Amino acid sequence: MEKIYQKEVIEENMKKSRLSGQFRTEGLDFAVIHYQQGEFLSTPQQPITHFQFLIKGSVTLYYLDEHGNRRNVATMEHHGLLGDMEFVLGNLPVFYVEAISPATVLALPMEANRAKLEKDCEFLMYLLRNASQIKVLSTRNQVVLPHLEERLLYHLAYECPHQTITGMESSAAKLHCSRRQLQRVVKKLEAQGILVKLKKGCYRLFKRIPDKNLRTP
């Protein structure tokens, strides 16, 4: 993790992300933070002191169930906000948030700016939109495509470049399942001739499934 407080770097990233358009408040004290793949942006054990606005890279949100198994909730790619629930509710983080690629965020101290942000209608609407998007991401596929095999085939057919998944961990995060669950389904579909293995952790859709067998969201 690398924190940067240089004004020029912050202004450049603010301009690229167009984040300033989400605030009416001026003079907010942002910093830029770079995370490497595998680093945590937050964990349930540590209080959150900053909003983190994702502007580059991908992160996954997950929790551990009562058996210690990882349960993926959602994946953020290139944009998103962390800290909204904690700002409103004042509680500890619920999820682990892990970078699944090198990631960059703009960080903003919560408490030092609370009084101003609670009066900033533009920012509060941004919080609401972000919370709604996470809710949609975490529930859409489970409701419309409740079975992992269906979700994987839909993901390959309509969302993956070249109808190919690369990396079991990142793919499992996007499909809201564990790596072990995904590997079982991938091996089954490979044995059926529906997927072809290109290399370790990389599979391509080989036999297209008729659309009528996939309940398109």
Open item on the list: Out of Gln36, Gln45, Gln22, I need the residue that is over 14 Å from the mean Cα position of the chain (by Cα) and closer than 13 Å to Ile100 by Cβ. Which one?
Closed with: Gln36
TODO: Just give me the residues in region 46-96 being within 20 Å of Tyr126 (Cα to Cα) and aliphatic (A, V, I, L, M), in sequence order.
DONE: Ile48, Leu54, Ile55, Val59, Leu61, Ala74, Met76, Leu81, Leu82, Met85, Val88, Leu89
TODO: Mind telling me which of the residues Arg179, Arg215 ends up being closer than 28 Å to Met85 by Cα, of a type in the set (Lys, Arg), open to solvent by 20 Å² or more (accessible area, probe 1.4 Å) and modelled with pLDDT under 90?
DONE: Arg179
Task: Conditions (1) touching a Pro at 6+ places or on another chain (Cβ under 9 Å); (2) surrounded by fewer than 19 Cβ atoms within 10 Å (Cβ to Cβ); (3) at pLDDT 85 or above; number of the one not met by Phe95 - done: (2)
Open item on the list: For region 176-201: of the residues being among the small types (Gly, Ala, Ser) and without any contact (Cβ under 8 Å) to a residue 24 or more places away in the chain, which is farthest from Arg71 (Cα to Cα)?
Closed with: Gly193
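Given the criteria open to solvent by less than 40 Å² (accessible area, probe 1.4 Å) and more than 14 Å from the chain's Cα centre (by Cα), does Thr104 qualify?
Criteria not met by Thr104.
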TODO: Filter region 88-136 for residues that are in contact with a helix residue (DSSP H, G or I) (Cβ under 8 Å, 6 or more places away or on another chain), polar (S, T, N, Q) and within 26 Å of Glu12 (Cα to Cα) and give the result.
DONE: Ser101, Thr104, Asn130
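So that you can scan it fast, the table gives a plain yes or no per residue for (1) among the charged types (D, E, K, R); (2) open to solvent by 70 Å² or more (accessible area, probe 1.4 Å); (3) in a helix (DSSP H, G or I); (4) at pLDDT 85 or above:
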site	(1), (2), (3), (4)
Lys135	yes, yes, yes, no
Arg140	yes, yes, yes, no
Ile165	no, no, no, yes
Gln183	no, no, yes, yes
- [ ] Look through Phe23, Phe53 and report the one residue that is aromatic (Phe, Trp, Tyr), under 24 Å from Leu117 (Cβ atoms) and crowded, with 18+ Cβ neighbours inside 10 Å.
- [x] Phe53
TODO: Would you tally the residues in region 142-154 being open to solvent by 20 Å² or more (accessible area, probe 1.4 Å), part of a helix (DSSP H, G or I) and either modelled with pLDDT under 70 or not acidic (Asp, Glu) (or both)?
DONE: 5
Open item on the list: Filter region 58-92 down to the residues that are part of a strand (DSSP E or B), open to solvent by 30 Å² or more (accessible area, probe 1.4 Å) and touching a residue at least 24 places away in the same chain (Cβ under 8 Å) and list them by number.
Closed with: Tyr63, Leu64, Arg70, Arg71
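The values are calculated or read from the model by the stated rules, or taken from the named source; none is laboratory data. Note that the coordinates shown come from a computational prediction; the quantities given were computed from them, not determined experimentally. Quick reminder, even Gly has a Cβ in these numbers, built from the backbone with ideal geometry, and neighbours come from all protein chains shown. Keep in mind that these areas ignore ligands, DNA and RNA; they rest on the heavy atoms of the full protein, side chains included. Shrake-Rupley method; radii C 1.70, N 1.55, O 1.52, S 1.80 Å.
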